[in-house]
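Structure first, commentary second.
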Ligand SMILES: Nc1ncnc2c1ncn2[C@@H]1O[C@H](COP(=O)(O)OP(=O)(O)OP(=O)(O)O)[C@@H](O)[C@H]1O
Ligand SMILES: [Mg+2]
């Protein structure tokens, strides 16, 4: 490879002299070589993303998978940091919000941040993908106990480092604060300029550049992963809630970090792009399988419910809401059906008798019910 991707400057931090790395602006020079392996992966990724779109169009209500997938990604992305919340924790919390644990708070922050960012990019009057938007996303991600001391929504004003207990033993020292804004505005510029590179490759380049700049005191990983998803949608590839990459990064964390390092140390953009594209192929493949399984499960249960001897219209209506809300309380059923307590209770009873809903907590006052078979499909890699 042998390409240079930046230069080092000496800086003083925490009483030590260290060499901080300043990445050159994107795109790489010479450009990313489309090796036969990369060409093949790009073709495969394009096909997989197309299939994933078809899988999501299969159902009348696209919220159907989105609901599930975005929650999966939120959990997986938050978990790299060591957050332990499971999908059941999240869904139970959403059905019956009392006090959120710090883990659940972080997952909810991710959901909130993604939701906010999507609204902005879809609204003609909203923020485009920009440094402003990135800061707003960070502010939302860092809400609550753990993030409060990490300057939520603000780029850092001090030198940071990655790995090691002090700057001198760090694995990597990102750009000094004085260089930060230049690096960031170059990145912003790259995201907006027209370019003949494949959008998937551009997103991969932007991700590494963002992590190398490491503009925040904490949460750079989560913002960087959310940015990947957002760019899928901005560049017209797919709804950002459909494709989740964090599982791939988590399964291959060691390699992920090594790839980040090799871009900086030996200019190996190709190695990273190959790793990242394999992740896109694997993740879309898994998402397609999951979408199909969810679809089949719902189809089968719908038939079962329609043929059930005690079925009633409110039960059928409630069933149609379950893919969007697979865990709910009886009070929520009242709201969803816009009906009375006894009618909602009857609908739930029918769904229990048909083997569709199961009670998940024993509490008497506000019992929680779950669509178990559906949840089992979703849970395969997050619990
Ligand atoms: N050697 C490295 N060079 C560049 N970036 C790295 C390196 N090692 C890790 N990173 C990036 O830094 C992120 C961690 O940074 P930070 O702690 O600010 O983010 P986070 O969201 O709190 O953590 P996490 O990604 O672990 O959830 C990693 O996810 C990865 O993207
Ligand atoms: Mg962190």
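Consider residue 153 carefully, then state whether it is without any contact (Cβ under 8 Å) to a residue 12 or more places away in the chain and either within 15 Å of ligand 2 (Cβ to nearest atom) or surrounded by 14 or more Cβ atoms within 10 Å (Cβ to Cβ) (or both). Here the answer is no, as residue 153 does not meet what is asked.
Here residue 213 does not fit the description of being in the same structural domain as residue 74 (by TED's automatic domain parsing), over 17 Å from residue 132 (Cβ atoms), within 14 Å of ligand 1 (Cβ to nearest atom) and modelled with pLDDT of 95 or more. Scanning segment 28-38 for residues being part of a loop (DSSP other than H, G, I, E, B) and farther than 18 Å from residue 262 by Cβ gives a total of 1.
Scan segment 235-250 and give yes if some residue there is without any contact (Cβ under 8 Å) to a residue 40 or more places away in the chain and within 16 Å of ligand 2 (Cβ to nearest atom), otherwise no. No. Every condition in (1) more than 16 Å from ligand 1 (Cβ to nearest atom); (2) at pLDDT below 90; (3) under 30 Å from residue 205 (Cα atoms) is met by residue 89 except one, and the failing one is (3). Which of the residues that make up segment 56-65 are touching a helix residue (DSSP H, G or I) at 6+ places or on another chain (Cβ under 8 Å) and either modelled with pLDDT of 85 or more or within 21 Å of residue 372 (Cβ to Cβ) (or both)? The answer is 59, 64, 65.
Considering only segment 348-362, state which residues are under 34 Å from the mean Cα position of the chain (by Cα), crowded, with 17+ Cβ neighbours inside 10 Å and part of a helix (DSSP H, G or I). Once the filter is applied, which keeps residues that are under 34 Å from the mean Cα position of the chain (by Cα), crowded, with 17+ Cβ neighbours inside 10 Å and part of a helix (DSSP H, G or I), segment 348-362 yields 348, 351.
One residue stands out among those in segment 251-261 that are more than 19 Å from the chain's Cα centre (by Cα) and surrounded by fewer than 18 Cβ atoms within 10 Å (Cβ to Cβ): the one that is nearest to ligand 1 (Cβ to nearest atom), which is 261.
Consider segment 35-46 and keep the residues that are over 26 Å from the mean Cα position of the chain (by Cα) and in contact (Cβ under 8 Å) with a residue 12 or more places away in the chain. The one that is farthest from residue 270 (Cα to Cα) is 37. Can you find a residue in segment 328-337 that is outside any helix (DSSP H, G or I) and at pLDDT below 95? There is at least one residue in segment 328-337 that is outside any helix (DSSP H, G or I) and at pLDDT below 95.
Taken over segment 171-207, residues that are surrounded by fewer than 22 Cβ atoms within 10 Å (Cβ to Cβ) and within 9 Å of ligand 1 (Cβ to nearest atom) amount to 3. When segment 1-27 is filtered for residues that are part of a loop (DSSP other than H, G, I, E, B) and over 26 Å from the mean Cα position of the chain (by Cα), the ones remaining, listed by number, are 1, 2, 3, 4, 5, 14, 15, 24. Considering each of 26, 111 in turn, give the residue that is surrounded by fewer than 21 Cβ atoms within 10 Å (Cβ to Cβ), within 16 Å of ligand 1 (Cβ to nearest atom) and over 19 Å from residue 286 (Cβ atoms). Exactly one residue qualifies, and that residue is 111. Regarding residue 144, is this residue more than 14 Å from ligand 1 (Cβ to nearest atom) and over 20 Å from residue 235 (Cβ atoms)? It is false that residue 144 is more than 14 Å from ligand 1 (Cβ to nearest atom) and over 20 Å from residue 235 (Cβ atoms). When each of 310, 346 is tested for being in contact with a helix residue (DSSP H, G or I) (Cβ under 6 Å, 6 or more places away or on another chain) and more than 21 Å from residue 68 (Cα to Cα), the lone residue that passes is 310.
The values are calculated or read from the model by the stated rules, or taken from the named source; none is laboratory data. Only a predicted model underlies this, so the values are computations on that prediction, with no experimental measurement involved. Methodologically, a virtual Cβ is constructed for each residue, glycine included, from the backbone with ideal geometry; neighbour enumeration extends over all protein chains shown.
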